[in-house]
Amino acid sequence: MTTSSDALAKNHQEEIDNGERFAFGDNWTKFLQSLDEKKIQEAVQSLKTTLNVDHLNGKSFLDIGSGSGLFSLAAKKLGASVVSFDYDPKSVACTKELKARYAENNSDWQVQHGSVLDTAYMNTLGEFDIVYSWGVLHHTGDLWTSLANVSEKVADKGQLFIALYNDQGGASGRWHTIKKIYNHLPACLKPYFAFLVYLPLEARSFLIHLIRRKPHEYVLGILHYSRNRGMSWWHDKIDWIGGYPFEVSKPEQIFDFYKARGYTLEVLKTHGGGLACNEFVFRRIQKQSPGDLP
């Protein structure tokens, strides 16, 4: 039996109240206030570039953890039929808001409330030509179950596009502590805590650019941040410091996991010791039965 939307919302709110989960939907709600056509086109272009396509006409697209709904909208603009879902009720509302703005009467875009960890719910979705989950699965509280459930949603010869936090060793442990503190703070103190955490990091980055005699690159990086998938510099900063639950993985772990499930790697973008996600595009070339898996 799938978990009802009311039960999901209750569980979600309890996790936030207990400091066990970041309120991603609140951050996405604020992000939508600054969303414009330029950012939408940047998101569209990033999908085209990473998937190496000109359009998605005739393709089905599953957006797992749709957040603001920006990439569901991008896929729709490229011609795909889209199913979006999120665990956070406010993220679901954000995605519905974008659908209302740009595709109100389009039956080829469905927006649902669900959890990637709810196997019964996942089984209702069928398979898709493209399954997309950018920066989501490491926030579920059970990364490897999420990865396995996502694997089953990709159709034969279909593509899986995911992005996951890189394992930075000790640095990941420190960020885990910072994120936990952030989520346990009263709402009124969270912006100040974020400022105190980021101030030395940003100062260091600016100083490095200054030493290299390229301070303008630091400034332009912030001013033109929307070129990074159409996203917002500050909202991404809050998403990072608040992003909890928090799990990490090494690229080779993800490669081995999906290779065992009949996938081949088409695109890999890593970020070494940086804070950004590792990006993967896999193609499903052979379905594996559960008994074949390690």
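Every read-out reported here was derived from the displayed coordinates using simple, explicitly stated rules and does not represent laboratory data. Everything numeric here is computed off the predicted structure, so don't read it as measured data. Glycine gets a Cβ as well: all are built from the backbone with ideal geometry, and neighbour counts include every protein chain shown.
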**Request:** Using the Karplus curve 6.51 cos²θ - 1.76 cosθ + 1.60 with θ = phi - 60°, work out ³J(HN,Hα) for each residue of the range 26-34 in order, rounded to whole Hz, and write x for Gly and Pro.
**Result:** 5, 5, 5, 4, 5, 4, 4, 5, 9
**Asked** Amide H neighbours of residue 112 under 5 Å, counting only residues 5+ apart in sequence or on other chains, H built in-plane at 1.01 Å?
**Response** 84, 85, 86
**Item:** Restraint check, 214/269; 39/76; 10/153, Cα-Cα greater than 21 Å
**Value:** 214/269; 10/153
**Asked** When DSSP beta bridges are limited to those with both residues in the chain, what percentage is antiparallel, rounded to the nearest 5?
**Response** 40 percent
**Prompt:** Can you put 225, 198 in order, fewest other beta carbons within 10 Å first?
**Reply:** 198, 225
**Request:** With r as the distance between the Cβ atoms of residue 33 and residue 167 and R0 = 35 Å, compute the FRET efficiency 1/(1 + (r/R0)^6) and round to 0.05.
**Result:** 0.55
**Calculated from backbone phi, Karplus (6.51, -1.76, 1.60) coupling profile of the range 206-217 in Hz, x at Gly/Pro** = 5, 4, 4, 5, 5, 4, 7, 6, 9, x, 5, 5
**Request:** Quick one: what are the phi-derived ³J(HN,Hα) couplings along the range 16-25, Karplus 6.51/-1.76/1.60 with θ = phi - 60°, whole Hz, x for glycine and proline?
**Result:** 5, 4, 8, x, 9, 8, 7, 7, 4, x
**Item:** Correct option for mean projected area of the Cα convex hull in nm² [calculated from the coordinates] among [x] 14.0; [y] 14.9; [z] 15.8
**Value:** [z]
